[in-house]
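The values are calculated or read from the model by the stated rules, or taken from the named source; none is laboratory data. Predicted, not measured: the structure shown is a model, and the values here were computed from it. Methodologically, a virtual Cβ is constructed for each residue, glycine included, from the backbone with ideal geometry; neighbour enumeration extends over all protein chains shown.
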2 protein chains.
Amino acid sequence: MSRLVMKFGGTSVATTALMDRIADRVHTLKQAGHEVLLVVSAMGHETDRLVDLAAQIDYSALDGRQESDVLLATGEQVSISLLALSLMKKGVPARSFQGHQIAIHTDAAFSRARILSIDTERLEAALSDGIVPVVAGFQGVSPEGRVTTLGRGGSDTTAVALAAAMKADECQIFTDVEGVYTTDPRVVAGARRLGQVTFEEMLELASSGSKVLHSRAVELANKYAVPLRVLSSFVEGPGTLITSEETMMMEAPLISGVAFTADEAKLTIRGVKDQPGIASRILSPISEANIEVDMIVQNVGADQSTDFTFTVAQADFEQAQRLLRQISEEIQAGEVLGDAQIAKLSIVGVGMRSHAGVASRMFEILAAEGINIQMISTSEIKISVVIDEKYLELAARALHAGFELESSSD
Amino acid sequence: MSRLVMKFGGTSVATTALMDRIADRVHTLKQAGHEVLLVVSAMGHETDRLVDLAAQIDYSALDGRQESDVLLATGEQVSISLLALSLMKKGVPARSFQGHQIAIHTDAAFSRARILSIDTERLEAALSDGIVPVVAGFQGVSPEGRVTTLGRGGSDTTAVALAAAMKADECQIFTDVEGVYTTDPRVVAGARRLGQVTFEEMLELASSGSKVLHSRAVELANKYAVPLRVLSSFVEGPGTLITSEETMMMEAPLISGVAFTADEAKLTIRGVKDQPGIASRILSPISEANIEVDMIVQNVGADQSTDFTFTVAQADFEQAQRLLRQISEEIQAGEVLGDAQIAKLSIVGVGMRSHAGVASRMFEILAAEGINIQMISTSEIKISVVIDEKYLELAARALHAGFELESSSD
């Protein structure tokens with residue numbers, strides 16, 4: 001007997017017909033003797049509908065997060081009640097739980113709350129009565145007893161936190177893809193589902209454009225050593241198991257995947273004096289404007305001045321460019337250059353720790369295709385490059401083939 | 001300074017634009033120094049949408065009320081958060097409260113729960129901080145901590161219970177009509193808004209087809225002596241104050257109003273033996289089928305057998321007719337007759353207590369129009385008759401004029 005936490009996202013519970021299929025799946029697992037806890041998101045576009053409703057009021061001038069959390073939490077409340085009914089209809093005893101009913105204690109950071117702890121008493125009681133708890137993802141209760149929501153990746157985070165608190169054998173995240181792939185199957189025909197990846201690889205893949213799982217949930221699973229599995233709601237299959245490095249096969253492959261994104265833009269400020277604190281003077285106003293910076297590259301030239309380059313999300317490009325022009329004046333630097341026509345490619349793999357020469361092989365593969373590299377950034381298990389956006393697909397296919405990802409063992 | 005509970009129904013909060021107007025109204029009252037608590041229903045057709053969603057699952061074969069209550073409660077949760085945001089936007093400090101947050105304690109009769117008590121601590125704290133509490137109507141929390149809903153008339157009942165618990169000076173129910181009328185203005189041109197009616201009159205009017213307020217809320221207001229005012233969300237005006245008899249004007253008018261409904265049907269079982277317990281043998285199977293019986297008339301004839309006649313809602317007519325045929329066989333009675341083409345008219349007024357001859361005057365007025373009376377039923381402050389449905393409007397106008405309701409003082 002295993003204890004499983006199964007999380008279904010918005011597309012997986014978009015209709016009552018899909019809930020009916022989930023109920024069938026849970027019924028089978030229950031009959032096989034497993035203990036099942038479900039975590040669900042709001043149905044399909046329900047959250048968008050609620051956000052649009054609130055936007056009609058145009059309360060942007062005030063801090064309305066405490067009340068918009070009350071509003072948004074209804075989305076999951078609808079899902080849990082309908083899914084509980086679907087289960088009961090199949091003869092599976094079920095009971096819905098809102099965040100405050102369990103309780104999922106969070107801090108008071110409305111709209112982006114952090115989970116502090118989860119009471120397990122009611123859930124354990126339900127399980128020992130043979131009841132399937134259907135838990136609202138994305139929501140919790142503040143120390144003062146108010147509704148909180150967890151922000152981005154919230155439902156995945158609820159599932160992992162619940163699996164940790166309930167000491168589940170596995171946390172299964174059901175999505176609209178069949179697992180984690182070596183690269184994006186829509187771009188590279190030979191893309192292959194990975195049987196396993198490590199938490200670290202998954203984090204690097206997530207931050208490099210592979211949007212299967214939010215890194216917040218992966219980090220939490222890593223911290224509490226919760227085995228995490230990504231699998232499809234729509235297609236039967238083993239999915240991808242995300243686990244700690246120790247439990248991986250002895251000989252990890254060199255490279256697990258090629259991730260990429262074209263959603264970034266590059267900004268360069270020229271003629272920056274090379275003096276202590278200059279990077280912070282450039283980036284502080286950017287981060288104060290809530291703009292997230294991804295890659296940062298700085299090279300010192302011979303004349304004690306440097307070009308400082310970083311990437312931001314394309315949505316933040318124009319605002320960042322305006323800010324950077326002001327900053328350039330303030331610090332008496334030179335021209336500000338911007339380029340939104342870029343792509344970031346990353347190769348990720350724990351195997352590269354113990355193998356030299358991965359970076360140079362990557363650069364060779366790209367050079368053989370005549371692709372110029374604009375920026376390079378490396379971490380222990382990842383190498384990222386920025387290239388011209390028009391070469392993105394060519395580069396992805398070349399790297400996927402060059403590192404022999406198609407033929408790797410599962 | 002007054003303390004007011006204001007309740008807004010679904011049509012009054014159907015859009016965010018309407019909420020904006022409510023916020024303006026509350027803002028004015030706050031500036032005049034009043035303490036305001038709001039109770040709201042779900043927006044417009046939101047409850048219907050949720051009921052339709054649940055109906056897709058078709059869980060009719062099981063008791064899903066615990067979960068459908070979780071579902072339905074989201075409707076009011078959406079309203080309270082949006083209305084709180086609308087108030088905050090006007091600079092009025094506001095905070096939403098769900099049933100469990102206050103808490104509104106109910107029994108565990110899911111889908112038709114009764115309020116047991118309301119904690120006032122959080123609400124008093126909010127009021128003394130200058131905050132307008134925006135309370136979800138229709139919902140509460142069971143002894144076990146689960147979501148309950150109150151069933152029909154639920155939001156009005158929440159408002160009255162809250163006004164009683166918070167010792168409010170008045171409970172104002174905002175609707176889409178301007179108050180309680182002497183009769184239906186759509187049928188009788190001379191219909192006039194009443195300035196005041198007693199709780200008893202209001203109860204009789206409600207049970208006789210005047211659907212302004214659910215009798216459950218009126219009963220509760222009567223029990224706790226909460227002054228209740230019905231007024232329009234859309235048109236400025238004093239509305240109608242529903243209050244105890246003692247506080248009414250010295251000389252109450254003879255008749256307060258003429259109520260009517262065409263939504264009933266009449267059933268007669270002939271040749272019933274006149275023996276003890278026979279009425280219960282006829283009506284028990286009807287009430288066991290959850291069919292509500294309204295008027296009941298039985299007359300004993302010379303031959304020790306009787307015709308037993310009663311009315312039910314038209315929606316229950318066919319089922320009641322089937323049941324009655326079985327019952328007739330079992331008790332060896334005669335023919336079962338049914339008639340859905342009937343109307344019930346009632347005249348209501350506390351004044352008739354001290355005035356003889358009101359009934360005979362009513363019958364004279366109807367006779368003068370050539371209208372035959374099929375059934376008569378009387379209570380201390382009400383006389384009801386059943387007539388052929390086609391005479392309904394004629395009878396309503398004749399009674400309204402005959403009792404001089406158009407010219408009565410307010």
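A few points about this structure:
- Hits in the range B:41-53 (condition: at the interface with chain A (Cβ under 9 Å from one of its Cβ atoms) and closer than 20 Å to residue B:175 by Cα): B:43
- Residues (more than 12 Å from the chain's Cα centre (by Cα), surrounded by 20 or more Cβ atoms within 10 Å (Cβ to Cβ) and assigned to a loop (DSSP other than H, G, I, E, B)) located in the range B:192-216: B:194
- Boolean, residue B:24 is at pLDDT 95 or above, touching a helix residue (DSSP H, G or I) at 6+ places or on another chain (Cβ under 7 Å), outside any loop (DSSP other than H, G, I, E, B) and surrounded by fewer than 24 Cβ atoms within 10 Å (Cβ to Cβ): no
- Hits in the range A:33-53 - residues which are touching a helix residue (DSSP H, G or I) at 6+ places or on another chain (Cβ under 8 Å), of a type in the set (Asp, Glu) and under 19 Å from residue A:138 (Cα atoms): A:46
- Flag for residue A:13 being hydrophobic (A, V, I, L, M, F, W, C), within 12 Å of chain B (Cβ to nearest Cβ) and surrounded by 21 or more Cβ atoms within 10 Å (Cβ to Cβ): yes
- Any hit, the range B:284-298, residues being among the β-branched types (Val, Ile, Thr), loosely packed, with under 14 Cβ neighbours inside 10 Å and either part of a strand (DSSP E or B) or touching a residue at least 24 places away in the same chain (Cβ under 8 Å) (or both): no
- From the list A:333, A:356, the one residue that fits, being part of a loop (DSSP other than H, G, I, E, B) and surrounded by 21 or more Cβ atoms within 10 Å (Cβ to Cβ), is A:333.
- Pair list, Cβ < 7 Å and 6+ apart or interchain, from the range B:87-98 residues that are at the interface with another protein chain (Cβ under 9 Å from one of its Cβ atoms) to residues that are part of a strand (DSSP E or B): B:88/B:94; B:94/B:132; B:94/B:134; B:95/B:133; B:95/B:134; B:96/B:134; B:98/B:136; B:98/B:139
- Selection status of residue A:83, more than 8 Å from every other protein chain (Cβ to nearest Cβ) and of a type in the set (A, V, I, L, M, F, W, C): yes
- Any hit, the range A:54-72, residues being out of contact with any helix residue (DSSP H, G or I) (no Cβ under 6 Å at 6 or more places or on another chain), within 14 Å of another protein chain (Cβ to nearest Cβ), charged (D, E, K, R) and more than 22 Å from residue B:84 (Cα to Cα): no
- Comparison of A:149, A:157 shows that the only residue that is touching an Asp or Glu at 6+ places or on another chain (Cβ under 6 Å), of a type outside the set (A, V, I, L, M) and modelled with pLDDT of 95 or more is A:149.
- Members of the range B:336-353 that are exposed (fewer than 15 other Cβ atoms within 10 Å of the Cβ) and assigned to a helix (DSSP H, G or I): B:353
- Residue that is nearest to residue A:130 (Cα to Cα) [pool: residues in the range A:39-97 that are in contact with a strand residue (DSSP E or B) (Cβ under 6 Å, 6 or more places away or on another chain) and of a type in the set (Gly, Ala, Ser)]: A:94
- Of B:388, B:316, all but one fail to be under 19 Å from residue B:266 (Cα atoms), acidic (Asp, Glu) and either touching a residue at least 60 places away in the same chain (Cβ under 8 Å) or in contact with a helix residue (DSSP H, G or I) (Cβ under 9 Å, 6 or more places away or on another chain) (or both); the exception is B:316.
- Qualifying residue in the range A:368-379 (condition: out of contact with any strand residue (DSSP E or B) (no Cβ under 8 Å at 6 or more places or on another chain), free of Cβ contacts under 8 Å to residues at least 40 places away in the same chain and aliphatic (A, V, I, L, M)): yes
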